[in-house]
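To keep things clear, I will list the structure first and then write my remarks on it.
The values are calculated or read from the model by the stated rules, or taken from the named source; none is laboratory data. Everything numeric here is computed off the predicted structure, so don't read it as measured data. Note that each Cβ is placed from the backbone with ideal geometry, even for glycine, and that neighbours are counted across all protein chains shown.
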Amino acid sequence: MSDVYIIGVDMIQFGRFPERNVANIGAEAALLALDDAGLSIQDMQALYCGNLGQANAMVGQRILQEIGQTGVPVVNCANACATGATAFREAWMSIKADVNDLVLAVGVEQMGKGLLGGGGGGKGIPKEGLLGSATMPAVFAEAGMEHARKYGTTFEQFAKVSVKNHHHSTMNPKAMYQIETPLDTVMNAEMISYPNTKLMCSVNVDGSAAAVLASEKKTKELGLMDRAVRVRASVLTSDPWQERDLVMPDVNTCTRNAAKQAYEMAGVGPEDIDLVELHDCFATAEILHYENLGLCKDGEAGRMIDEGATALGGKVPVNCSGGLLSKGHPLGATGIANIFEVSTHLRGNAGARQVDGAKIGLTHVIGLGSACAIHILEKAA
């Protein structure tokens, strides 16, 4: 089976674009990624599109209507917050299976405002308000408080995640918000669901990101190996059955399982990772995922944030883009946007936020429901 390489990757600046539609937003990122590879849509053998909010609207085909209808297969993916990463993985798998040599993956979303989750709509007794809250702020607040109960993690330690990520965003021109948020500002912001204040919650924005993937043979034919990024691992998991109280969703197990598989596939360990873009949908989530990804032992995540180990210049910088807390979280685009960020560092093109000497990076997204996608990327040259 061929190794798979990213030979073009880009994203638009995340923001709010009420005057545009989802296909138009997705087309912009697609063209940026194609330009980055020096190719056109006529060169692509397939398109894999990730979108959640309009999953029944054949968004991939509508993107081709914007940039060129070439008759290639189009696969539309919807997989909660792992939607974009799932589209990327499907593109990767088509090359690993020797079906394609050159494919395009696009993730795109237009978001509304307000809290995610809790809508229900099904029959029967709703859990919301009776057995616990199903809104995402409440779910990840519960998970954070469970971590605090077990390990003594403090409100201040959770808040420091937001301080770090907002600082990183000031060096990322593609982030929605590029502002500093001092610790007292974060802790005194409007409380959404303790311990997550408003500044500790991810931003609902519109956005898109795209990547061009190629086989090793095609990458060499195009003369792009010197700037290519090798995909060393691509893993997708869901929750296994377990004997536990499902009123409080498990936000950890599918990540731990995916991380174990990804490290084995890549032939590396957490100690080999130079930077991470992980799913900080809430500040509490980032703390949990330090441990879920094996960046530290259980119970040591609070100390990692206190010591600056995950800040730019630290042992393993996390969310140098600003993360979902500041860059924004357009659900269908996030997975590929994370891949863009890590790829940019591996290429040495991240500017002021560049992780020096970065050779191997990891991206992670999790969608409750459940789906977790992890990719381990390596500087090819």
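Within the stretch 47-67, restricting attention to residues that are surrounded by 17 or more Cβ atoms within 10 Å (Cβ to Cβ) and assigned to a loop (DSSP other than H, G, I, E, B), which residue is modelled with the highest pLDDT? By that ranking, first place goes to ASN51. Within the stretch 152-180, the set of residues being over 22 Å from the mean Cα position of the chain (by Cα) and either outside any loop (DSSP other than H, G, I, E, B) or buried (at least 24 other Cβ atoms within 10 Å of the Cβ) (or both) comprises PHE155, GLU156, GLN157.
GLU19 passes every criterion in (1) in contact (Cβ under 8 Å) with a residue 60 or more places away in the chain; (2) more than 21 Å from GLY71 (Cβ to Cβ) apart from (1).
Against the list (1) at pLDDT 95 or above; (2) in contact with a strand residue (DSSP E or B) (Cβ under 9 Å, 6 or more places away or on another chain); (3) more than 14 Å from GLY207 (Cα to Cα), the condition GLN42 fails is (2). Every condition in (1) within 18 Å of GLU286 (Cβ to Cβ); (2) in a strand (DSSP E or B); (3) modelled with pLDDT of 95 or more is met by GLY207 except one, and the failing one is (1). Name the residue that is nearest to ILE273 (Cα to Cα), counting only residues in the stretch 306-327 that are touching an Asp or Glu at 6+ places or on another chain (Cβ under 8 Å) and assigned to a helix (DSSP H, G or I). Here the residue is GLY323. Going through (1) hydrophobic (A, V, I, L, M, F, W, C); (2) out of contact with any Lys or Arg (no Cβ under 9 Å at 6 or more places or on another chain); (3) modelled with pLDDT of 95 or more one by one, LEU368 falls short only on (3).
Could you say which residue among ASP298, ASP280 is surrounded by 24 or more Cβ atoms within 10 Å (Cβ to Cβ) and assigned to a loop (DSSP other than H, G, I, E, B)?
None of the others qualify; the one that does is ASP280.
Can you tell me which residue in the stretch 185-204 is farthest from GLN157 (Cα to Cα), limited to those that are under 21 Å from the mean Cα position of the chain (by Cα) and not in a strand (DSSP E or B)? Checked the stretch 185-204; the qualifying residue farthest from GLN157 (Cα to Cα) is ASN204.
Of the residues GLU300, GLU291, GLU307, only one is acidic (Asp, Glu) and under 20 Å from the mean Cα position of the chain (by Cα); which?
GLU291
Residue pairs whose Cβ atoms lie under 8 Å apart, separated by 6 or more positions or on different chains, with the first residue in the stretch 274-294 and on the phi > 0 side of the Ramachandran plot and the second aromatic (Phe, Trp, Tyr) and outside any loop (DSSP other than H, G, I, E, B), are GLY294/TYR263. Out of all the residues in the stretch 135-151, is one or more closer than 20 Å to ALA309 by Cα, in contact with a Gly (Cβ under 6 Å, 6 or more places away or on another chain) and of a type in the set (S, T, N, Q)? Scanning the stretch 135-151 turns up no residue that is closer than 20 Å to ALA309 by Cα, in contact with a Gly (Cβ under 6 Å, 6 or more places away or on another chain) and of a type in the set (S, T, N, Q). Restricting the stretch 328-354 to residues that are hydrophobic (A, V, I, L, M, F, W, C) and more than 19 Å from HIS279 (Cβ to Cβ), which is farthest from the chain's Cα centre (by Cα)? Restricting to residues being hydrophobic (A, V, I, L, M, F, W, C) and more than 19 Å from HIS279 (Cβ to Cβ), the top hit is ALA352.
Assessment of the stretch 198-218 against the conditions (touching a strand residue (DSSP E or B) at 6+ places or on another chain (Cβ under 9 Å) and free of Cβ contacts under 8 Å to residues at least 40 places away in the same chain) yields at least one matching residue. Selection of the stretch 102-151 for residues being within 30 Å of GLU28 (Cβ to Cβ), assigned to a loop (DSSP other than H, G, I, E, B) and modelled with pLDDT under 75 yields GLY112, LYS113, GLY114, LEU115, LEU116, GLY119.
Going by the conditions given, is LYS260 in a helix (DSSP H, G or I), of a type outside the set (Ser, Thr, Tyr) and touching a residue at least 40 places away in the same chain (Cβ under 8 Å)?
Here the answer is no, as LYS260 does not meet what is asked.
Residues in the stretch 22-44 that are surrounded by 18 or more Cβ atoms within 10 Å (Cβ to Cβ) and outside any helix (DSSP H, G or I): LEU39, MET44.
Just to be sure before I move on: is SER215 modelled with pLDDT of 95 or more, more than 23 Å from ASN319 (Cβ to Cβ) and over 22 Å from the mean Cα position of the chain (by Cα) in the structure I sent? Against the criterion (modelled with pLDDT of 95 or more, more than 23 Å from ASN319 (Cβ to Cβ) and over 22 Å from the mean Cα position of the chain (by Cα)), SER215 qualifies. Closer than 23 Å to GLY299 by Cβ, in contact with a strand residue (DSSP E or B) (Cβ under 8 Å, 6 or more places away or on another chain), at pLDDT 95 or above and not basic (Lys, Arg): does that describe ALA189? No.
Can we say THR255 is touching a Phe, Trp or Tyr at 6+ places or on another chain (Cβ under 6 Å), assigned to a helix (DSSP H, G or I), surrounded by 15 or more Cβ atoms within 10 Å (Cβ to Cβ) and modelled with pLDDT of 95 or more? Judged against the criteria, THR255 is not a match.
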